[in-house]
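Structure record follows, encoded as structure tokens.
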Amino acid sequence: MLTTVTIILAAAVLLVLAVALSSILGWASSAFHVPVDLRIEKINDVLPAANCGGCGYVGCNEYAEAIVNEGVDVNLCPVGGSTTSEDVGQIMGVEVVDSWPQRPVIHCVANREQRYKQSEYRAGELTCHAANMVAGIQGCPYGCLGYGDCARVCDYDALHIIDGLAIIDYEKCTGCGKCVEACPRHIISNVPFKAQRILAVTCSNKDFGNVVREMCEVGCIGCKACVRVHKGLITMKENLPHVNFDAYDPKLDLQEVQNKCPREALVWIGKPTEADLRATEDEELPRRAEADFKTTVDDAEWRG
Amino acid sequence: MEYVAQLILLVLSTALIHNYVLYYFVGICPFLGVSKRVDMAFGMGMAVTFVVTIASLLAWLFTYYVIRPGAPLATWVWVTAGGNPATVIDLSVLSYLIYIFVIASSVQFVEMYVRKFFPPLYKSFGIFLPLITTNCAILFACLEIMKNVSGVPAAEVWGVDKALVLALAAGLGFTIAIVLMAGIREELELADVPKALRGAAITLVVAGLMALAFMGFAGVDTGLAKVMIGH
């Protein structure tokens with residue numbers, strides 16, 4: 001008897017509670033309604049929701065708010081690229097000016113064997129950040145340290161250290177720019193990829209030719225051969241050629257420029273062409289076999 | 001005087017000696033999840049304090065008037081419906097259901113209210129509120145209150161004052177624990193931790209050592225009680 005009474009009373013209490021609380025919450029959600037610009041939500045749906053911060057805002061939502069409230073440019077999202085900026089532009093009713101996908105370029109191509117005079121850094125934390133504080137490490141004072149700070153921050157598994165050199169997998173890369181910030185030597189920069197393959201300077205050594213020759217097999221010696229071929233496109237600054245990407249046009253025949261380069265400091269970056277792949281098909285690349293032990297535990301995050 | 005002494009002892013006992021995180025190990029998810037930076041940890045601590053206070057107030061009201069054996073409201077309903085006044089109505093089975101129910105909806109309500117009228121406050125800790133709606137530390141505080149309201153002799157039943165003091169002390173204890181943890185973890189970023197222990201493992205080791213350190217407070221309350229109350 002008492003059990004039945006308890007059950008009925010309990011059911012009644014919960015029913016009353018449910019009705020009361022849901023009506024309070026229902027009233028509150030309309031009374032305390034905060035009007036949000038519908039466009040913000042629409043833009044949020046279009047943005048990739050990677051929250052990588054590549055646009056310069058904390059997350060996709062902040063960027064969407066900035067577009068609507070402050071009239072920020074719609075083409076800042078490096079991950080979504082031109083399709084996203086077109087969609088956002090449509091929502092905002094603005095024309096999108098040309099926006100090229102930004103992709104990072106590592107301005108160093110010297111792998112472990114190609115660097116001379118190296119004294120390997122083995123103490124303490126094996127990170128570029130730590131190694132960069134020690135003078136005379138890894139031969140070249142400008143080049144890639146090869147401890148993978150950039151590979152570790154990459155959310156897309158697009159950066160790997162191969163033979164002591166960071167290599168970007170452009171198939172996976174979204175251009176969020178995290179590696180650009182991570183590199184303690186600042187040798188990674190985001191550049192507009194106006195074609196699948198672009199010509200880029202892949203050396204950061206500002207020393208004179210004789211010094212570079214002594215420490216690196218492939219580094220730029222500042223011979224200015226490339227500048228002579230294309231004056232407007234390539235300029236010399238501190239013994240290093242710089243490609244002016246504003247003037248860059250994929251239609252230009254730049255193969256000549258690269259052929260002029262006596263070193264390997266001026267190379268094609270990005271997707272290899274079909275012809276390139278066919279040409280190197282039967283070549284065997286020497287790879288030093290080395291244990292590559294990595295667990296996923298190190299980067300594990302706690303989500304309660 | 002004895003009343004004040006009791007409250008002080010309650011605060012000490014809840015915040016330090018029987019710290020919710022480091023003694024009972026409740027509320028571990030935010031403790032490990034949001035303790036990477038001190039400012040975030042402090043925000044989380046404040047949010048927990050806020051929610052646990054509201055939850056405890058509501059939990060006390062419901063326990064005292066509806067849930068406990070012979071609660072006035074439940075008995076009134078029973079008698080009005082024509083029941084025998086001598087029957088003791090006991091709705092204790094509902095405690096967990098009602099606590100979760102009430103906490104969740106009150107937090108929702110507060111979130112909407114804060115969003116409308118205090119946008120900066122909402123920006124700073126609004127994101128934490130849904131996270132801790134049904135956090136176990138909050139529920140634990142409610143159950144602690146229930147333990148002292150229902151099923152104890154009439155003279156020892158807690159009033160709403162003690163429930164609120166308990167809630168504030170619980171929030172304070174949580175804030176202390178999570179801020180200390182965040183401070184340690186910020187330093188840990190620069191330490192040379194063995195590879196196998198990096199990340200989650202070393203965090204748990206640190207949490208364990210902190211719990212051991214907090215064990216040092218054990219017995220402080222009995223000693224203080226002797227001095228302040230005399231027994």
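A few comments on the model shown:
- Count - residues of the stretch A:154-166 that are open to solvent by 50 Å² or more (accessible area, probe 1.4 Å) and either outside any strand (DSSP E or B) or closer than 17 Å to A:C216 by Cβ (or both): 3
- Filter result for the condition that a residue is within 14 Å of another protein chain (Cβ to nearest Cβ) and either in contact (Cβ under 8 Å) with a residue 60 or more places away in the chain or under 17 Å from the mean Cα position of the chain (by Cα) (or both), over B:C142, B:C136: B:C136
- Counted residues, the stretch A:94-149 - those being polar (S, T, N, Q), at pLDDT 75 or above and in a loop (DSSP other than H, G, I, E, B): 3
- The residues of the stretch B:139-193 that are over 30 Å from B:D39 (Cβ atoms), open to solvent by 70 Å² or more (accessible area, probe 1.4 Å) and among the acidic types (D, E) amount to a single one, B:E156.
- Residue within the stretch B:200-217 that is of a type in the set (F, W, Y) and part of a helix (DSSP H, G or I) present: yes
- So A:G81, is it under 22 Å from the mean Cα position of the chain (by Cα) and surrounded by fewer than 23 Cβ atoms within 10 Å (Cβ to Cβ): yes
- The stretch A:12-26: number of residues that are more than 10 Å from chain B (Cβ to nearest Cβ) and open to solvent by 60 Å² or more (accessible area, probe 1.4 Å): 3
- Selection within the stretch A:204-222 - more than 17 Å from A:N244 (Cβ to Cβ), hydrophobic (A, V, I, L, M, F, W, C), open to solvent by less than 50 Å² (accessible area, probe 1.4 Å) and assigned to a loop (DSSP other than H, G, I, E, B): A:V218, A:I221
- Among the residues here, B:T80 qualifies as farther than 16 Å from B:F140 by Cα, among the polar types (S, T, N, Q) and more than 10 Å from chain A (Cβ to nearest Cβ).
- Candidate set from the stretch A:27-48 (those that are part of a loop (DSSP other than H, G, I, E, B) and open to solvent by less than 40 Å² (accessible area, probe 1.4 Å)); member that is nearest to the other protein chains (Cβ to nearest Cβ): A:F32
- Selection count, the stretch A:49-77, where residues are open to solvent by less than 60 Å² (accessible area, probe 1.4 Å) and of a type in the set (F, W, Y): 1
- Any chance B:P120 is away from every other protein chain (no Cβ under 11 Å), part of a helix (DSSP H, G or I), open to solvent by 80 Å² or more (accessible area, probe 1.4 Å) and not aliphatic (A, V, I, L, M): yes
- A search for C-beta distances below 7 Å between a residue of the stretch B:21-45 that is more than 17 Å from B:L212 (Cα to Cα) and any residue that is of a type in the set (D, E, K, R) and open to solvent by 10 Å² or more (accessible area, probe 1.4 Å), counting only pairs 6+ apart in sequence or on different chains, returns B:G33/A:R303; B:S35/B:R185; B:K36/B:R185; B:R37/B:E186; B:V38/B:E186.
- Residue match in the stretch B:187-195 (condition: assigned to a helix (DSSP H, G or I), within 14 Å of chain A (Cβ to nearest Cβ) and closer than 25 Å to B:C29 by Cα): yes
- Residues of the stretch A:187-202 classified as open to solvent by 20 Å² or more (accessible area, probe 1.4 Å) and either touching an Asp or Glu at 6+ places or on another chain (Cβ under 7 Å) or part of a loop (DSSP other than H, G, I, E, B) (or both), total: 3
- Complete set of residues in the stretch A:1-10 that are part of a helix (DSSP H, G or I) and at the interface with chain B (Cβ under 10 Å from one of its Cβ atoms): A:L2, A:V5, A:T6, A:I7, A:I8, A:L9, A:A10
- Wholly within the stretch B:6-91, helices (runs of 4 or more DSSP H) carrying at least 3 residues that are open to solvent by less than 60 Å² (accessible area, probe 1.4 Å), of a type in the set (S, T, N, Q) and closer than 22 Å to B:N148 by Cα: B:38-62
The values are calculated or read from the model by the stated rules, or taken from the named source; none is laboratory data. Given the structure is predicted, the values throughout are model-derived calculations rather than measurements. Every residue, glycine as well, gets a Cβ built from its backbone with ideal geometry; the counts of neighbours run over all protein chains shown. The accessibility values were calculated without ligands, DNA or RNA, using every heavy atom of the protein model including side chains. Shrake-Rupley method; radii C 1.70, N 1.55, O 1.52, S 1.80 Å.
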